[in-house]
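Trainee: The structure under discussion is supplied below as structure tokens; questions concerning it will follow.
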Amino acid sequence: MDVSNSDLPWLASYGHPSAWEVDYPPLSLPDLFSQAVAQRPDAPLVEFLGRRYSYAALLAEAKAFAAGLQAWGIKRGDRVGLFLPNVPTYIPAYYGALMAGATLVNFSPLYTAHELEAQVADSGTRLLVTVNLSKLLPTALTVLRGSALEHLVVADFPSLLPPLKGFAFRLLARKELTAIPKQPEICRWEDFLKASEPQPVAIDPLKDLALLQYTGGTTGTPKGAMLTHQNLSANARQIAAIDPNAGKRDVILGALPLFHVFANSGVLNRTIVNGGCIAMLPRFDCKQVFDAIRRVKPTSFPGVPTMFQALLDDDRIGRADFSTLRVCIVGGAPLPLPVKERWKARTGVSLVEGYGLTETSGVATANPYEGDDRAGTIGQPLPATYVRLLDREDPTRDAPAGEPGELVIAGPQVMQGYWNRPEADASAFAMVGGKRWLRTGDVALAESEGYFRIVDRIKDMIAVGGFKVFPSQVEHVLLEHPSVKEALVIGMPDDRLGEKPRAFVTLQEDEEVTGAVLREWLNLRVGKHERVDEVVVRDTMPKTMIGKLDRKTLKEQALAGFVD
């Protein structure tokens with residue numbers, strides 16, 4: 001079943017003809033940014049805890065960063081990494097690296113040194129941008145000492161705040177800062193910006209990679225999705241195209257982390273297309289969200305379900321004024337119906353659910369912001385996006401009519417493939433009807449008028465509050481413990497996070513370590529989102545007929561309360 005706008009007249013309100021090139025001509029991200037600056041140079045692009053940064057000021061900083069990269073020997077196609085929370089520096093670092101012709105690599109601030117080092121090595125990142133927070137800089141320094149990473153550029157967090165807040169942070173929160181070492185390979189952000197104009201670099205939006213965004217793919221092994229300038233600029237324009245309030249006041253609440261592809265397209269690039277302002281928060285925090293709502297009066301707020309659940313559980317929600325919010329967009333994990341209903345009843349604002357993947361640059365489908373918002377569905381395809389359901393057993397043919405099938409996607413936002421993983425590309429795409437389709441690994445049902453509903457997941461990945469946890473990585477850490485013989489990690493239902501990782505192990509002969517001890521040991525060695533709620537010690541693990549650990553049966557047993 002191939003669903004596109006040309007087949008669905010009811011999508012005409014989205015205003016998209018079927019030809020991708022007609023809708024979204026090739027456009028590089030630096031050109032997208034420059035066009036927005038030309039239209040609104042003095043308008044605020046970022047509001048950061050009370051301090052405003054204009055379009056023109058951030059463009060000037062981006063150009064200076066690009067020139068600094070060129071002076072340090074970064075060439076077209078080299079990889080530049082961003083190991084940053086949501087701070088204003090992210091924007092000039094992002095667009096400046098692209099102006100220099102570099103390919104960006106987003107790294108989660110939640111990464112341990114081991115995780116960061118592995119992806120730095122896989123991507124070949126030469127230079128890393130970070131900030132002098134104690135939760136980040138020590139990790140970056142460890143990787144700088146132990147990997148092929150050549151340079152570190154470090155921004156000063158307090159200097160990004162309004163002056164009084166910056167002074168108070170240095171005085172009262174000094175333990176949260178790490179001194180920036182004086183080493184030849186380390187440079188302060190402000191010292192890096194010596195030249196004002198970079199040498200121009202010709203960019204082919206259709207071929208040149210803008211971003212390597214790491215994802216678990218279908219196997220649970222992190223892989224770099226190769227996203228071109230056109231992939232990302234098209235997705236930003238697609239997202240902007242379905243907004244019925246285009247041209248009106250646009251202030252988006254930026255609590256989603258910009259290193260995540262959802263925020264990269266749905267907050268950063270989308271806002272620049274609209275000429276809007278990002279009310280940027282360093283991280284999600286209920287108090288900061290309510291303060292921002294009062295301070296900037298946002299018009300939209302994208303997030304993951306756990307964010308809205310946390311706000312509903314906060315006493316301050318009764319005092320918040322949501323009257324300027326037109327829509328709240330939710331993605332990253334399935335939206336529980338009670339959260340959707342409670343949010344609408346409490347705030348008067350709809351939670352509109354969408355769907356996308358790292359491999360689709362962020363967003364592929366969405367419910368309408370106004371009108372028929374169908375609870376429990378992922379909505380309709382974005383402009384110029386095609387969706388098809390393939391037979392789960394034979395991906396060369398369509399699923400039978402009315403039956404669930406694997407959701408596959410084609411469109412200008414679909415990645416080029418995986419970085420240095422040709423074997424993964426072979427399984428990530430299917431050729432059907434003469435078109436290359438991205439296999440999502442999700443099983444869906446088609447509903448009337450082009451809506452889709454996810455009914456199952458082929459992948460083993462665990463969705464924890466919008467973040468993806470790869471069981472194999474956590475299992476690998478567990479197996480490093482000398483007492484552990486076998487390990488499986490599965491997702492268990494959780495009211496707040498959607499799912500929570502839980503580990504099951506068997507022990508080596510004559511070992512008597514407890515699950516509580518293993519849990520404490522494991523959680524010190526994995527990222528925050530990967531921490532398990534429990535380690536269950538079993539006598540045996542379920543296995544398939546050929547002796548492989550049987551994850552499916554284990555999950556069935558765990559959900560049924562089976563105790564070995």
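Trainee: Considering (1) modelled with pLDDT of 85 or more; (2) of a type outside the set (Ser, Thr, Tyr); (3) within 21 Å of the chain's Cα centre (by Cα); (4) over 19 Å from residue 336 (Cα atoms), say which one residue 436 fails and leave the rest.
Mentor: (3)
Trainee: Restricting to segment 176-201, name every residue that is free of Cβ contacts under 8 Å to residues at least 24 places away in the same chain and either surrounded by 19 or more Cβ atoms within 10 Å (Cβ to Cβ) or in a loop (DSSP other than H, G, I, E, B) (or both).
Mentor: Passing the criteria: 182, 183, 184, 200.
Trainee: If you don't mind, another one. Limited to segment 104-159, what total is found for residues that are of a type in the set (S, T, N, Q), in contact (Cβ under 8 Å) with a residue 60 or more places away in the chain and part of a helix (DSSP H, G or I)?
Mentor: Result for segment 104-159: 2.
Trainee: Residue 64: among the small types (Gly, Ala, Ser), farther than 30 Å from residue 527 by Cβ and in contact (Cβ under 8 Å) with a residue 60 or more places away in the chain, yes or no?
Mentor: yes
Trainee: Which residue pairs have Cβ atoms closer than 7 Å, lie 6 or more positions apart in sequence or on different chains, and pair a first residue in segment 382-408 that is in contact (Cβ under 8 Å) with a residue 24 or more places away in the chain and buried (at least 22 other Cβ atoms within 10 Å of the Cβ) with a second residue that is of a type in the set (S, T, N, Q) and part of a loop (DSSP other than H, G, I, E, B)?
Mentor: 383/5; 386/4
Residue by residue, here is whether (1) in a loop (DSSP other than H, G, I, E, B); (2) under 30 Å from residue 371 (Cβ atoms); (3) of a type in the set (A, V, I, L, M, F, W, C) holds:
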site	(1), (2), (3)
204	yes, no, no
214	no, no, no
224	no, no, no
259	yes, no, yes
266	no, yes, no
298	yes, yes, no
306	no, yes, no
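Trainee: For residue 432, are the conditions met, namely being over 18 Å from residue 379 (Cβ atoms), among the β-branched types (Val, Ile, Thr) and in contact with a Lys or Arg (Cβ under 9 Å, 6 or more places away or on another chain)?
Mentor: Working: over 18 Å from residue 379 (Cβ atoms): yes; among the β-branched types (Val, Ile, Thr): yes; in contact with a Lys or Arg (Cβ under 9 Å, 6 or more places away or on another chain): yes.
The answer is yes for residue 432.
Trainee: So which residues in segment 306-332 are of a type in the set (A, V, I, L, M) and more than 19 Å from residue 44 (Cβ to Cβ)?
Mentor: 307, 310, 311, 312, 317, 320, 327, 329, 330
Trainee: Among the residues of segment 451-486, count how many are at pLDDT 90 or above and among the small types (Gly, Ala, Ser).
Mentor: So the count comes out to 1.
Trainee: A follow-up question, please. All but one of (1) basic (Lys, Arg); (2) surrounded by fewer than 21 Cβ atoms within 10 Å (Cβ to Cβ); (3) touching a residue at least 40 places away in the same chain (Cβ under 8 Å) hold for residue 223; state the number of the condition that does not hold.
Mentor: (2)
Trainee: Do you know which of the residues in segment 281-305 that are buried (at least 21 other Cβ atoms within 10 Å of the Cβ) and at pLDDT below 95 is nearest to residue 45 (Cα to Cα)?
Mentor: 303
Trainee: Could I ask something else about it? Can you find a residue that is among the polar types (S, T, N, Q), in contact (Cβ under 8 Å) with a residue 40 or more places away in the chain and touching a Pro at 6+ places or on another chain (Cβ under 9 Å) anywhere in segment 501-508?
Mentor: No, segment 501-508 contains no residue that is among the polar types (S, T, N, Q), in contact (Cβ under 8 Å) with a residue 40 or more places away in the chain and touching a Pro at 6+ places or on another chain (Cβ under 9 Å).
Trainee: I've got another one for you. I'd like to know if segment 103-115 contains one or more residues that are over 27 Å from residue 63 (Cα atoms), of a type outside the set (Phe, Trp, Tyr) and touching a His at 6+ places or on another chain (Cβ under 7 Å).
Mentor: Scanning segment 103-115 turns up at least one residue that is over 27 Å from residue 63 (Cα atoms), of a type outside the set (Phe, Trp, Tyr) and touching a His at 6+ places or on another chain (Cβ under 7 Å).
Trainee: Would you say residue 143 is in contact with a Gly (Cβ under 9 Å, 6 or more places away or on another chain) and either more than 19 Å from residue 281 (Cβ to Cβ) or among the polar types (S, T, N, Q) (or both)?
Mentor: no
Trainee: Here's a follow-up. Restricting attention to segment 226-257, and to residues there that are in contact with a strand residue (DSSP E or B) (Cβ under 6 Å, 6 or more places away or on another chain) and in a helix (DSSP H, G or I), which single residue is surrounded by the fewest Cβ atoms within 10 Å (Cβ to Cβ)?
Mentor: Ranking the qualifying residues of segment 226-257, first place goes to 229.
Trainee: Additional query: Would you check which residues across segment 159-214 are basic (Lys, Arg) and in contact with a Leu (Cβ under 9 Å, 6 or more places away or on another chain) and list them?
Mentor: The answer is 165, 170.
Trainee: Still on this structure, I have one more. Quick check on segment 86-102. Is at least one of its residues outside any strand (DSSP E or B), more than 23 Å from residue 224 (Cα to Cα) and either over 21 Å from the mean Cα position of the chain (by Cα) or at pLDDT below 95 (or both)?
Mentor: no
Trainee: Continuing with the same structure: Hey, does segment 407-421 have a residue that's part of a helix (DSSP H, G or I), among the hydrophobic types (A, V, I, L, M, F, W, C) and either over 30 Å from residue 532 (Cβ atoms) or not assigned by TED's automatic domain parsing to the domain that holds residue 105 (or both)?
Mentor: no
Trainee: Hey, can you tell me all the residues within segment 339-370 that are closer than 24 Å to residue 448 by Cα, surrounded by fewer than 18 Cβ atoms within 10 Å (Cβ to Cβ) and without any contact (Cβ under 8 Å) to a residue 60 or more places away in the chain?
Mentor: Listed by number, the list holds a single entry, 341.
Trainee: A further question on this structure: Look at segment 424-483 and say how many of its residues are polar (S, T, N, Q), under 15 Å from residue 356 (Cβ atoms) and not in a strand (DSSP E or B).
Mentor: Summing the residues that are polar (S, T, N, Q), under 15 Å from residue 356 (Cβ atoms) and not in a strand (DSSP E or B) in segment 424-483 gives 0.
The values are calculated or read from the model by the stated rules, or taken from the named source; none is laboratory data. Keep in mind it's a predicted model, so treat the numbers as computed, not measured. Every residue, glycine as well, gets a Cβ built from its backbone with ideal geometry; the counts of neighbours run over all protein chains shown.
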